[in-house]
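The values are calculated or read from the model by the stated rules, or taken from the named source; none is laboratory data. Predicted, not measured: the structure shown is a model, and the values here were computed from it. With ideal geometry, Cβ positions are generated from the backbone for all residues, glycine too; neighbour counts draw on all protein chains shown. When the accessible area is computed, the model is the full protein with side chains, heavy atoms only, and any ligands, DNA or RNA have been set aside. Shrake-Rupley method; radii C 1.70, N 1.55, O 1.52, S 1.80 Å.
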Amino acid sequence: MKKLFILTILLTGSSFLLKAQDNLKHKAQPDSIIKIIPFGEGRQADYLYTIGGKLETREDVAIRLLAYTPSAMEYHAAKNNAAWVYVSFAGTAITGLAAGIEYGKNNKMAGETTGFVNGQPAIIYQHHSLTGAYVLTGAATAFLASSFINLVRAGFHINRAIILYNQQYQ
């Protein structure tokens, strides 16, 4: 009888031990999912971030995104594209200014002089090539298009980072 009692206690204890080792996947925790709430209109529009119904700053959201590897890769891609937005916009400003200077230097009125044509006094216009101004205007346009493309891609990557972060809780 004593052996059966000890055997029952050992089997019951081992079943509790095995149950304690069971690895259950946790259900989605609503306090961990990042939600984006737009507010404002027109030029005053912006976004609020909530986690578990509590307002969070952009820095807190960034820390959470960087803590999860798949969303961290997307977050870094968004930061990289945002940096290229600034570089492209600076390129637009520089080449646009250079195109304006080149046009001002080589337009029709830049080299006008007075002189005699067929014995009559007249204004003589020098022939200048505006090719440099055209090329620089094209480069400025390309930089501007690049800045818009990088801006859109940065937004895509940050949204993708939030989606990947939220997927771990679904």
For this session: With the convex hull built on the Cα atoms of the stretch 36-164, state its orientation-averaged projected area in nm².
Result: 11.6 nm²
Exercise. Residues of the stretch 67-170: accessible area per residue at 1.4 Å, in Å²?
Worked result: 67 Å²
Exercise. For residue 87 and residue 59 in one chain, what is 0.36 nm times their gap in residues minus the Cα-Cα distance, to one decimal in nm?
Worked result: 7.7 nm
Problem set entry | Length gained when the stretch residue 123-residue 163 is fully extended (0.36 nm per residue, less Cα-Cα span) | 7.6 nm
Problem set entry | J(HN,Hα) series, the stretch 128-134, from Karplus relation 6.51 cos²θ - 1.76 cosθ + 1.60, nearest Hz, glycine and proline x | 10, 8, 9, 4, x, 5, 5
Problem set entry | Highest average packing first - 155-162, 141-148, Cβ atoms within 10 Å | 155-162, 141-148
Exercise. For the stretch 93-168, with equal point scatterers placed on the C-alpha atoms only and solvent neglected, what are the log10 I(q)/I(0) values from the Debye formula at q = 0.12, 0.14 1/Å, to two decimals?
Worked result: -0.57, -0.66
For this session: Give the residues of the stretch 136-156 whose amide nitrogen is closer than 17 Å to a point set 7 Å from the Cα of residue 76 in the direction of its Cβ.
Result: 154
